[in-house]
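Scroll down for the structure; my scribbles are underneath it.
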Amino acid sequence: MIFVIADIEIADGKQAAFLDAFHKLVPLVLAEDGCIEYGPAVDEDTDIPVQVKNGSQIVTVMEKWESVDALKAHLAAPHMLTYREQVADLVKGTSIKVLKPA
């Protein structure tokens, strides 16, 4: 099993449009072989002193996959290619962390 934490930087004023497109994608991804968990998250305001916030322009995608091969298949899936085309003007950049249980 692996975990993926993807930080997606959204263009100014485009978060609502991005999340609308992303929420339509989620059921397709959850139906993929090897997908255990997949969903977007944004900062929660707390009074926890050690919290590090991403900021209002970042949507973090929390993912759990059965294997690296399942993740690679996900990245190449036709609906992912379509999604990337749909949000190209909404996204400024993406970075991911791929982690395994310690």
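Some observations on this one:
A quick yes/no check of all residues on (1) of a type in the set (Lys, Arg); (2) under 21 Å from GLU85 (Cβ atoms); (3) surrounded by fewer than 12 Cβ atoms within 10 Å (Cβ to Cβ); (4) under 13 Å from the mean Cα position of the chain (by Cα):
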| residue | (1), (2), (3), (4) |
| --- | --- |
| ALA21 | no, yes, no, yes |
| LEU28 | no, yes, no, no |
| GLY34 | no, no, no, no |
| PRO40 | no, yes, no, yes |
| THR46 | no, no, yes, no |
| PRO49 | no, no, yes, no |
| SER56 | no, no, yes, no |
| MET62 | no, no, no, yes |
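- Taken as a whole, the structure leaves VAL87 outside the set of residues that are surrounded by 15 or more Cβ atoms within 10 Å (Cβ to Cβ), aliphatic (A, V, I, L, M) and under 12 Å from the mean Cα position of the chain (by Cα).
- Residue list for segment 51-81, filter: in a loop (DSSP other than H, G, I, E, B) and touching a residue at least 24 places away in the same chain (Cβ under 8 Å): ASN54, SER56, GLN57, GLU66, SER67, ALA77
- If the condition is being among the β-branched types (Val, Ile, Thr) and under 24 Å from PRO78 (Cβ atoms), then segment 1-59 contributes ILE2, VAL4, ILE8, ILE10, VAL26, VAL29, ILE36, VAL59.
- Members of segment 1-19 that are within 11 Å of the chain's Cα centre (by Cα) and free of Cβ contacts under 8 Å to residues at least 60 places away in the same chain: LEU19
- Contact map, segment 38-50: first residue in a strand (DSSP E or B), second residue of a type in the set (D, E, K, R), Cβ cut-off under 7 Å, separation 6 or more or different chains; pairs are TYR38/GLU63.
Just so you know, all these numbers are worked out from the coordinates, no wet-lab data involved. Computed from a predicted model, the values in this text were never measured in an experiment. In this analysis, Cβ positions are derived from the backbone assuming ideal geometry, glycine residues included, and neighbour counts consider all displayed protein chains.
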